[in-house]
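Mind having a look at this structure? Questions to follow.
The values are calculated or read from the model by the stated rules, or taken from the named source; none is laboratory data. Small disclaimer: the values here were computed from a predicted structure and weren't measured. Because the Cβ atoms are built from the backbone with ideal geometry, glycine has one as well, and the counts that use them run over all protein chains shown.
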Amino acid sequence: MTKIAIILGSTRPGRNGEAVAKWVAEIALRRSDAAFELVDLADYPLPHLDEPTPAAYQAYQNDHTKAWSAKISEFDGFVFVTPEYNHSTSGVLKNALDYLYNEWNNKAAAFVSYGSVGGARAVEHLRLIAAELQMATVRGQVALSLSTEFENYSVFKPNDYLLPQVDTMLDQLVSWSKALETVRSGGASA
């Protein structure tokens, strides 16, 4: 079965992303077209990139990198749940992406973001990073405004009108993840 990771891209104390990621996971786990797993970056404490060899060579020397590689290798696609910090994604998510290369290749990615403008600028940057990592990003995304989806900018209270957006994003992600299995298996040229 197609496996999708919902990656919680913030480790900040009091982070809003935990509630958002759990909400996405709750919706995703109702589906039967793929298996979904919440992957919290807090469970994979990666220091600032400390591998001496570029990730594309997969010559990992550190146990934390090997554990991260093994986890990401399990999946066919990803939902990245990201905050927007200073018009970009979180440093911890960027660092986690930079640690690996081949493990991301020819897999699909979708985005759920939150921030003052729904985290739109964070997703813009993540789409560029994903392209370099040879991930196919889907068009459907969910952008959550701190002023409308969070009570007092801190308690996540999503509105029901967001549910069709989540479903569309997941439909696209599962479809692309399944299609890219053929590429990864050598059935089509990358």
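How many of the residues in region 90-115 are touching a residue at least 60 places away in the same chain (Cβ under 8 Å) and within 11 Å of the chain's Cα centre (by Cα)?
Adding up the residues that qualify gives 6.
For every residue, the table says whether it meets (1) within 26 Å of SER177 (Cβ to Cβ); (2) buried (at least 19 other Cβ atoms within 10 Å of the Cβ); (3) aromatic (Phe, Trp, Tyr).
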site: PRO13; (1), (2), (3): no, no, no
site: PHE36; (1), (2), (3): yes, yes, yes
site: VAL39; (1), (2), (3): yes, yes, no
site: ALA67; (1), (2), (3): yes, no, no
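So which residues in region 118-164 are more than 19 Å from SER175 (Cβ to Cβ), of a type in the set (A, V, I, L, M) and surrounded by 15 or more Cβ atoms within 10 Å (Cβ to Cβ)?
Residues satisfying the conditions are ALA120, ALA122, VAL123, LEU126, ILE129, LEU133, ALA143, LEU144, LEU146, LEU162.
Further question: Residues that are in contact with an Asp or Glu (Cβ under 7 Å, 6 or more places away or on another chain), in contact (Cβ under 8 Å) with a residue 60 or more places away in the chain, of a type in the set (Gly, Ala, Ser) and within 20 Å of ALA130 (Cα to Cα): does region 65-76 have at least one?
Looking for residues that are in contact with an Asp or Glu (Cβ under 7 Å, 6 or more places away or on another chain), in contact (Cβ under 8 Å) with a residue 60 or more places away in the chain, of a type in the set (Gly, Ala, Ser) and within 20 Å of ALA130 (Cα to Cα), one finds none in region 65-76, hence no.
Continuing with the same structure: Could you say which residue among ASP76, ASP63, ASP50 is over 30 Å from SER147 (Cα atoms), crowded, with 21+ Cβ neighbours inside 10 Å and modelled with pLDDT of 95 or more? Can you show your working first?
Details: ASP63 fails: crowded, with 21+ Cβ neighbours inside 10 Å; ASP50 fails: crowded, with 21+ Cβ neighbours inside 10 Å.
Unique residue meeting the criteria: ASP76.
Still on this model: Restricting to region 28-57, name every residue that is touching a Leu at 6+ places or on another chain (Cβ under 7 Å) and either in a helix (DSSP H, G or I) or among the charged types (D, E, K, R) (or both).
Correct list: ALA28, ARG31, ASP40, LEU41, ALA55.
Select, from TRP68, TRP23, the only residue that is over 18 Å from VAL142 (Cβ atoms) and modelled with pLDDT of 95 or more.
Just a single option satisfies the conditions, and that option is TRP68.
OK, next. Of the residues in region 43-59, how many are hydrophobic (A, V, I, L, M, F, W, C) and closer than 25 Å to SER177 by Cα?
Within region 43-59, residues that are hydrophobic (A, V, I, L, M, F, W, C) and closer than 25 Å to SER177 by Cα number 2.
On to the next question. Among the helices (runs of 4 or more DSSP H) contained in region 60-151, which hold 3 or more residues that are closer than 22 Å to ARG184 by Cβ? Explain how you work it out, then say what you get.
Values: elements: 63-73, 91-98, 120-132, 146-149.
Per the criteria, 63-73, 91-98, 120-132.
Restricting region 102-117 to residues that are of a type outside the set (A, V, I, L, M, F, W, C) and surrounded by fewer than 17 Cβ atoms within 10 Å (Cβ to Cβ), which is farthest from MET169 (Cα to Cα)?
Our first condition is that a residue be of a type outside the set (A, V, I, L, M, F, W, C); within region 102-117, this holds for 102-103, 105-107, 113-116.
Subset that is surrounded by fewer than 17 Cβ atoms within 10 Å (Cβ to Cβ): 102, 105, 116.
Working: ASN102: 24, ASN105: 20, SER116: 21 Å.
Step by step, filter region 102-117, then rank; the result is ASN102.
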